[in-house]
Amino acid sequence: VPVTLASVDSVVAAAREAVPNSILLNILFPESAFTGPNQFLVVVAGDTPLTGRLIRPILVNANTGRMTETREMPWYVKTLFVSQPLHFGDYGGLPLKVIWALLNIATIVVLLSGLYLWLKKRNGSRAGANGRSKATF
């Protein structure tokens, strides 16, 4: 474990220099669950609506306060992060949410009308079968 840690200001400055035009999300200190004994982990995201969904880790040396390494997420992780708003309905705002609500209501109506018709046919065929059996005897 380093005897003296770099200041948080120098760690943030190193992260901003490594990835400009980003928003700071989190700083993890040395010896946390995701860092080693001699490094800070700075997590940043982009500053546009699309890149704001993509996180990027930056390792900063705990002694010197200089950036050690940064990597972009793999393509499949980027795909998951970018598609997350589609699952939660963040794209399109209120108009898209209203459209989805109307489509859900239409689906429920179709389901309930199908169940009604199926139950009506089932009860009608039982009554018809009982009526025919009486007529033949």
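The values are calculated or read from the model by the stated rules, or taken from the named source; none is laboratory data. The structure displayed is predicted, hence computed values, not measured ones. No Cβ is skipped: glycine too gets one built from the backbone with ideal geometry, and neighbour counts run over all protein chains shown. With ligands, DNA and RNA removed, areas are computed over all heavy atoms of the protein, side chains included. Shrake-Rupley method; radii C 1.70, N 1.55, O 1.52, S 1.80 Å.
Details
- Global form of region 1-72, assessed from the alpha-carbon gyration tensor, a/c cut-off 1.5: prolate
- For region 56-73, backbone phi angles converted through the Karplus equation (6.51, -1.76, 1.60; θ = phi - 60°) give residue-by-residue couplings of 9, x, 10, 8, 10, 5, 6, 7, 9, x, 9, 5, 9, 7, 8, 9, 7, 5 Hz, Gly and Pro being listed as x.
- Calculated from backbone phi, Karplus (6.51, -1.76, 1.60) coupling profile of region 26-31 in Hz, x at Gly/Pro: 7, 10, 10, 7, x, 6
- P(r) tail, the chain: Cα-Cα pairs separated by more than 20 Å, 66% of all pairs.
- Computed [θ] at 222 nm, helices only, for the chain once each DSSP H run of length n ≥ 4 contributes -39500 (n - 2.57): -17500 deg cm²/dmol
- Global form of region 70-130, assessed from the alpha-carbon gyration tensor, a/c cut-off 1.5: oblate
- Solvent exposure of region 44-84 amounts to 66 Å² per residue of accessible area, where only protein heavy atoms count and the probe is 1.4 Å.
- Counting only protein heavy atoms and a 1.4 Å probe, region 1-41 has 63 square angstrom of accessible area per residue.
- 0 to 90° range, to nearest 10: angle between helix 75-88 axis and the chain longest Cα axis: 50
- Portion, in percent, of the accessible area of the chain that falls on carbon or sulfur, probe 1.4 Å: 66
- Net length gained if the chain between E69 and K120 were fully extended (0.36 nm per residue, minus Cα distance): 11.6 nm
- Hull volume in cubic angstrom per residue (convex hull over the Cα atoms of region 32-87): 90
- Estimated FRET transfer efficiency when R0 is 25 angstrom, pair L5-V77 (beta carbons, to 0.05): 0.25
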